[in-house]
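Structure first, then comments.
The values are calculated or read from the model by the stated rules, or taken from the named source; none is laboratory data. Owing to the predicted nature of the structure, the values given are computational and were not obtained by experimental measurement. No Cβ is skipped: glycine too gets one built from the backbone with ideal geometry, and neighbour counts run over all protein chains shown.
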Amino acid sequence: MNPVAWQRFLQLPMPSRHDVDWRHLDLRALRLERVEKRTQPARVTFRGQPPTGVIFGKLSGHRTEANRFLGKAIAWENRHKFVALHEALWEDGAVVLVPKNCRVTDPLEIHYELPNHDSAAFPRTLIVLEPGAEATVVQKYTGAPSLQAGATELFVQPGAHLHYISLHQLAPTSFDFLIKRARVAQDAEIDWVIGMFGAALGRYDIECEMEGRGGSSFMYGVGLGAGQEQLAQFTHQHHRSGDTTSDLLFKNVLRDRAVSSYTGTIRVEKNCNGTNAYQSNRNLVLSREVQCDTRPVLEIESNQLRCTHGATVGRLDDNQMFYLRSRGLNEAQARQILIEAFLEPVLARIRVDTVRREFEELIRQKIIR
Amino acid sequence: MSTPVTELLRSHYKEGFHDDLPIVRAVPKGLKHEVVDYISDVKGEPDWMREFRHRSLDLFLKQGLPDWLPGLRDEIDYNEITYYVSPVEKPQRRWEDVPEEIRRTYDKLGIAKEEQKLLGGLGAQIDSEMAYHNIQESLAKRGVVFLSCDEGLKQYPDLFREYFSKAIPPEDNKFAALNSAFWSGGSFVYIPKGVKCDIPLSVYFRINAEQFGQFERTLIIVDEDAFCHYVEGCSAPIYTTNSLHAAVVEIFVKNRARCRYTTIQNWSTDVYNLVTKRAMLYERAVMEWVDGNLGSKRTVKYPSCYFLGEGGHGEVLSLASADRGMWQDAGAKMVFMAPNCTGRINSKSISGRTGRASYRGLVQVRPEATNCRVQVNCDALILDEQSRSDTYPVMEIKGDLATVEHEASVSNVSEEQLFYLMSRGIKKEDAVSMIVNGFIEPIVKELPMEFAVEINRLINLQMEGSVG
């Protein structure tokens, strides 16, 4: 256990509705008593055939190589309570380290099967692409723990190219807190697709730090909420260097009594001319009981740049429904087509066919059924 | 006492002079219950108002600032401020009766008597009190009431009490509580059913005293099917100390009525401008806020529309220009509580020479507000590397029957546009000026003519020397 972080966890108050960031979220069902006693390791399985030289396996088996990077992508201070909890209690996880100029063609898959029932898990993932390397990494989280607080650190070094897909699908009784942060160096690129498909409350902090000229980050996300699930997304696009590009599209579909809250920040520091930053959050609401908040924030301190954001909340379009019905489709079919069309721009970014099909199947089960 | 910096600012800000006016009444500085009693005594107020003021002062002392609002925590020393200063005895109906020194001040500001020909009514407040308040005969005959807020309380006690603090109670926020404790001056407007008051009613607010707090209070009731356009302007001298302006504006737009409220805020850069403005819209009412913020050290102001009745329409057109020493924290709020309402927010901001412009907004759709539609557009222009622009919109939607759209963009004066204009033989400075004027055009065209001219002049002044 990390005693400093544990103290921080104990001192941070339980988030409440008076907190701007947690305004419509309800944490009352989360039981935190004796959380350290309930900690159980997640079972990790690895799939994929990396070429020699690539480190791909459990974090505990490669600590010497990992130590150079571990803990250096995420700034741990001034975070919410559950990030401190992860920092205090994490023990193991997975690592992918691709050496210089190495191209991994086969997707590498890390699957965390989380322990069930009254247990807590704190997996840490470290992904490093050394200069000029290329890889596709798929991360999956499944299971029904009462609590998960995880972290993924991503380093994309100069000229490297990472395609990163992450799929979160826990039981509707699980509380899921994940932080992911990428440091993107000069001329490096990261293409993200994050699927947030279920949890009693899922909070996802997804951040990119643009540190070198010519770097780019394309962040795509799809979130689904059904029943009484709560989905909280916090994205941060931080431009510390000029001539960098970040783009973001988060699409959510909400039904029943789901709650969603999106907060996205684009921050451009001084002397970052030539920045292009875009951010878009689109929400499709399928029921009257849904609560949907969106807060897109811009903080800009440079002037030679182009920066836009947009957010919408809407329902299925009556005219489009009518058109499809008039072509002989029944209501369920028409809805399915429109929902799938709504999510297509995100799904199209998944470059691994099997994973894309998995996303589509989960969307069908959860939202369209 | 003036430093070279204030001297420099003064040369740009033509309203930055101050006059030595004889003080008729004043109180010692500081936040005290005795000051509340003094104000209540001088105004001869009913007991309920005195109690309301005392309760509000207690609320102010208890209340913290909202956690989403940055800054302001240790910036203002409330005990160094004077809460009531009056250079006049009472508002005059005839311009000739206004004391000569004050007339001179207003002449310098260009609020000359000639302007009255264009206006349905004119009010002029200096420090805590109205020096002049008058309405055209023809409007008075149709039952239009346009008085200073204090006179409103005296002459229409029941109507006043029915609406006063009903849109913005002192509990609403810290600065509303401060205003509720020390309010003085402002306007009381009543437009009777079906009366279209098509010539604007105008009020000019002037701070002359140093380290002073101006707390005008405006209450506007536009009865069913009526129309009213209210215009306010403001300015203050440049001192080296800070002043405070915390106004409260409450507007009630009854069924099928329409109200337009235009503000051109041009405070000097030592004024904290912390204003609460709210309109309550009844069935099919229309409210339009046209809000121009060009001055002040820090402005915190989000004109709001609360939709209480079906089919209302609200609009906020916001223009902010943040020059050196300014932080324009402007925006808008729309709260939908009834079905079939529509809203539109259009914000344009410019920041230059270390200025900071922020858009902060809230769109809230309650579950009962079905079929509402709201659209928000924010555009920001950053003129140089030292300046800053922020956008902080919040959208909270309950239910599936609303359509909410928000778009924002931040950019600089584009090289291509500049190149094009310069290739046509236009000087760089003029080219930038043309581009900026084009950028704010959609809002400026909604302003009354005199204001539009004034805004263009001010923006051009702010641009001077800003392009290297």
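Mind checking which residues of segment A:261-290 are more than 17 Å from residue A:241 (Cβ to Cβ), hydrophobic (A, V, I, L, M, F, W, C) and more than 8 Å from chain B (Cβ to nearest Cβ)?
A:284
Scan segment B:366-387 residue by residue and report those that are out of contact with any Leu (no Cβ under 6 Å at 6 or more places or on another chain), more than 30 Å from residue B:433 (Cβ to Cβ) and either surrounded by fewer than 22 Cβ atoms within 10 Å (Cβ to Cβ) or at the interface with chain A (Cβ under 8 Å from one of its Cβ atoms) (or both).
Pass one, segment B:366-387, residues out of contact with any Leu (no Cβ under 6 Å at 6 or more places or on another chain): B:366-369, B:372-387.
This time we only want the ones that are more than 30 Å from residue B:433 (Cβ to Cβ), so: B:366-369, B:372-374.
Listed by number, the residues that qualify are B:366, B:367, B:368, B:373.
For residues that are in a helix (DSSP H, G or I) and surrounded by 14 or more Cβ atoms within 10 Å (Cβ to Cβ), scanning just segment B:2-28, find the one that is modelled with the highest pLDDT.
Our first condition is that a residue be in a helix (DSSP H, G or I); within segment B:2-28, this holds for B:4-12.
Going one step further and asking which of them are surrounded by 14 or more Cβ atoms within 10 Å (Cβ to Cβ), we end up with B:6, B:9-10, B:12.
Numbers: B:6: 45, B:9: 48, B:10: 49, B:12: 65.
The selected residue is B:12.
Let me confirm something: among A:339, A:368, A:350, which residue is surrounded by 15 or more Cβ atoms within 10 Å (Cβ to Cβ), of a type in the set (A, V, I, L, M, F, W, C) and within 14 Å of chain B (Cβ to nearest Cβ)? Break it down into steps so the answer makes sense when it comes.
Numbers: A:368 fails: within 14 Å of chain B (Cβ to nearest Cβ); A:350 fails: within 14 Å of chain B (Cβ to nearest Cβ).
Exactly one of A:339, A:368, A:350 is surrounded by 15 or more Cβ atoms within 10 Å (Cβ to Cβ), of a type in the set (A, V, I, L, M, F, W, C) and within 14 Å of chain B (Cβ to nearest Cβ), namely A:339.
Only one of (1) more than 17 Å from residue B:309 (Cα to Cα); (2) out of contact with any Phe, Trp or Tyr (no Cβ under 7 Å at 6 or more places or on another chain) fails for residue B:237. Which number is that?
Answer for residue B:237: the failing condition is (2).
In this structure, is residue B:281 in contact with a helix residue (DSSP H, G or I) (Cβ under 7 Å, 6 or more places away or on another chain), crowded, with 22+ Cβ neighbours inside 10 Å and either at negative phi or polar (S, T, N, Q) (or both)? Break it down stepwise before answering.
Details: in contact with a helix residue (DSSP H, G or I) (Cβ under 7 Å, 6 or more places away or on another chain): no; crowded, with 22+ Cβ neighbours inside 10 Å: yes; either at negative phi or polar (S, T, N, Q) (or both): yes.
Considered against the rule, which asks whether it is in contact with a helix residue (DSSP H, G or I) (Cβ under 7 Å, 6 or more places away or on another chain), crowded, with 22+ Cβ neighbours inside 10 Å and either at negative phi or polar (S, T, N, Q) (or both), residue B:281 comes out as no.
Condition check: more than 11 Å from chain B (Cβ to nearest Cβ), aliphatic (A, V, I, L, M) and buried (at least 19 other Cβ atoms within 10 Å of the Cβ). Does residue A:248 satisfy that?
Numbers: more than 11 Å from chain B (Cβ to nearest Cβ): yes; aliphatic (A, V, I, L, M): yes; buried (at least 19 other Cβ atoms within 10 Å of the Cβ): yes.
So residue A:248 fits the description; yes.
Quick one: which residue in B:160, B:175, B:146 is buried (at least 16 other Cβ atoms within 10 Å of the Cβ), assigned by TED's automatic domain parsing to the domain that holds residue B:18, out of contact with any helix residue (DSSP H, G or I) (no Cβ under 6 Å at 6 or more places or on another chain) and in a helix (DSSP H, G or I)? Full working, then the answer.
Values: B:160 fails: out of contact with any helix residue (DSSP H, G or I) (no Cβ under 6 Å at 6 or more places or on another chain); B:146 fails: in a helix (DSSP H, G or I).
Step by step, each of B:160, B:175, B:146 is checked, and only B:175 is buried (at least 16 other Cβ atoms within 10 Å of the Cβ), assigned by TED's automatic domain parsing to the domain that holds residue B:18, out of contact with any helix residue (DSSP H, G or I) (no Cβ under 6 Å at 6 or more places or on another chain) and in a helix (DSSP H, G or I).
Consider only pairs whose beta carbons are under 9 Å apart and that are at least six residues apart or on different chains; among these, list those whose first residue lies in segment B:371-392 and is modelled with pLDDT under 90 and whose second residue is in a strand (DSSP E or B) and crowded, with 23+ Cβ neighbours inside 10 Å.
That search, which allows pairs on different chains as well, returns B:383/B:350; B:383/B:351; B:384/B:351.
Residue B:444: crowded, with 18+ Cβ neighbours inside 10 Å and within 14 Å of chain A (Cβ to nearest Cβ), yes or no? It would help to see each step written out before you state the result.
Numbers: crowded, with 18+ Cβ neighbours inside 10 Å: yes; within 14 Å of chain A (Cβ to nearest Cβ): no.
Judged against the criteria, residue B:444 is not a match.
Identify, please: which residue in segment B:29-70 is small (Gly, Ala, Ser) and under 19 Å from residue B:172 (Cα atoms) and is, among those, surrounded by the most Cβ atoms within 10 Å (Cβ to Cβ)? It would help to see each step written out before you state the result.
We begin by selecting, within segment B:29-70, every residue small (Gly, Ala, Ser); these are B:30, B:40, B:44, B:56, B:64.
Right, trim to under 19 Å from residue B:172 (Cα atoms) and you get B:56, B:64.
Values: B:56: 23, B:64: 7.
The extreme case among them is B:56.
Out of curiosity, is residue B:104 crowded, with 18+ Cβ neighbours inside 10 Å and in a helix (DSSP H, G or I)? Can you show your working first?
Values: crowded, with 18+ Cβ neighbours inside 10 Å: no; in a helix (DSSP H, G or I): yes.
No, not satisfied.
Each row is one residue, and each column tells you yes or no for (1) within 7 Å of chain B (Cβ to nearest Cβ); (2) in contact with an Asp or Glu (Cβ under 8 Å, 6 or more places away or on another chain); (3) part of a helix (DSSP H, G or I).
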position	(1), (2), (3)
A:294	yes, no, no
A:309	yes, yes, no
A:316	no, no, no
A:319	no, no, yes
A:323	no, no, yes
A:334	no, no, yes
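Against the definition (in contact with a helix residue (DSSP H, G or I) (Cβ under 6 Å, 6 or more places away or on another chain), in a loop (DSSP other than H, G, I, E, B) and either modelled with pLDDT under 90 or not polar (S, T, N, Q) (or both)), how does residue B:111 come out, yes or no? Lay out the reasoning, then the answer.
Details: in contact with a helix residue (DSSP H, G or I) (Cβ under 6 Å, 6 or more places away or on another chain): no; in a loop (DSSP other than H, G, I, E, B): yes; either modelled with pLDDT under 90 or not polar (S, T, N, Q) (or both): yes.
No.
Residue by residue, here is whether (1) surrounded by fewer than 20 Cβ atoms within 10 Å (Cβ to Cβ); (2) of a type in the set (Val, Ile, Thr); (3) more than 9 Å from chain A (Cβ to nearest Cβ); (4) not in a loop (DSSP other than H, G, I, E, B) holds:
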| site | (1), (2), (3), (4) |
| --- | --- |
| B:389 | no, no, no, yes |
| B:393 | no, no, no, yes |
| B:396 | no, no, no, yes |
| B:407 | yes, no, no, yes |
| B:418 | yes, no, yes, yes |
| B:425 | yes, no, yes, no |
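Please work out if residue A:305 is at pLDDT below 90 and farther than 17 Å from residue A:260 by Cβ.
Working: at pLDDT below 90: yes; farther than 17 Å from residue A:260 by Cβ: yes.
So residue A:305 passes the test.
Looking at segment A:99-126 only, could you name the residues that are touching an Asp or Glu at 6+ places or on another chain (Cβ under 6 Å) and touching a residue at least 60 places away in the same chain (Cβ under 8 Å)?
Start the filter on segment A:99-126 by keeping residues that are touching an Asp or Glu at 6+ places or on another chain (Cβ under 6 Å), which leaves A:99-100, A:103, A:126.
Within segment A:99-126, A:126 is the sole residue that qualifies.
Against the condition among the small types (Gly, Ala, Ser), assigned by TED's automatic domain parsing to the domain that holds residue B:216 and more than 23 Å from residue B:248 (Cα to Cα), how does residue B:138 come out, does it pass? Spell out how you get there, then give the answer.
Working: among the small types (Gly, Ala, Ser): yes; assigned by TED's automatic domain parsing to the domain that holds residue B:216: yes; more than 23 Å from residue B:248 (Cα to Cα): yes.
Yes: the conditions hold for residue B:138.
Considering each of B:292, B:312 in turn, give the residue that is buried (at least 21 other Cβ atoms within 10 Å of the Cβ) and touching a Cys at 6+ places or on another chain (Cβ under 6 Å). Reasoning before the result, please.
Numbers: B:292 fails: touching a Cys at 6+ places or on another chain (Cβ under 6 Å).
Sole residue among the options that is buried (at least 21 other Cβ atoms within 10 Å of the Cβ) and touching a Cys at 6+ places or on another chain (Cβ under 6 Å): B:312.
If I go through segment B:122-139 residue by residue, how many of them are part of a strand (DSSP E or B) and charged (D, E, K, R)? Don't jump to the end; show me each part of the working.
Residues of segment B:122-139 that are part of a strand (DSSP E or B), as a first pass: B:122-126, B:129-135.
Applying the additional criterion that residues be charged (D, E, K, R) yields B:129.
Of the residues in segment B:122-139, 1 are part of a strand (DSSP E or B) and charged (D, E, K, R).
Name the residue that is nearest to the other protein chains (Cβ to nearest Cβ), counting only residues in segment A:5-48 that are among the β-branched types (Val, Ile, Thr) and under 21 Å from residue A:113 (Cβ atoms). Can you show your working first?
Taking segment A:5-48 as the starting set, the residues that turn out to be among the β-branched types (Val, Ile, Thr) are A:20, A:35, A:39, A:44-45.
Right, trim to under 21 Å from residue A:113 (Cβ atoms) and you get A:35, A:39, A:44-45.
On the way: A:35: 28, A:39: 33, A:44: 39, A:45: 40 Å.
The qualifying residue nearest to the other protein chains (Cβ to nearest Cβ) is A:35.
Quickly run through segment A:148-162 and pick out the residues that are surrounded by 24 or more Cβ atoms within 10 Å (Cβ to Cβ) and either in a strand (DSSP E or B) or of a type outside the set (A, V, I, L, M, F, W, C) (or both). Give the derivation first.
If we filter segment A:148-162 for residues that are surrounded by 24 or more Cβ atoms within 10 Å (Cβ to Cβ), which is where we start, we get A:148-152, A:154, A:156, A:160, A:162.
Listed by number, the residues that qualify are A:148, A:149, A:150, A:151, A:152, A:154, A:156, A:162.
Inspect segment B:332-343 for any residue being outside any strand (DSSP E or B), free of Cβ contacts under 8 Å to residues at least 60 places away in the same chain and under 23 Å from residue A:273 (Cα atoms) and give the result as yes or no.
Checked against the condition, which is being outside any strand (DSSP E or B), free of Cβ contacts under 8 Å to residues at least 60 places away in the same chain and under 23 Å from residue A:273 (Cα atoms), segment B:332-343 yields no hits at all.
Can you tell me how many residues within segment A:306-326 are more than 17 Å from residue A:236 (Cβ to Cβ) and buried (at least 23 other Cβ atoms within 10 Å of the Cβ)?
Matching residues across segment A:306-326 total 1.
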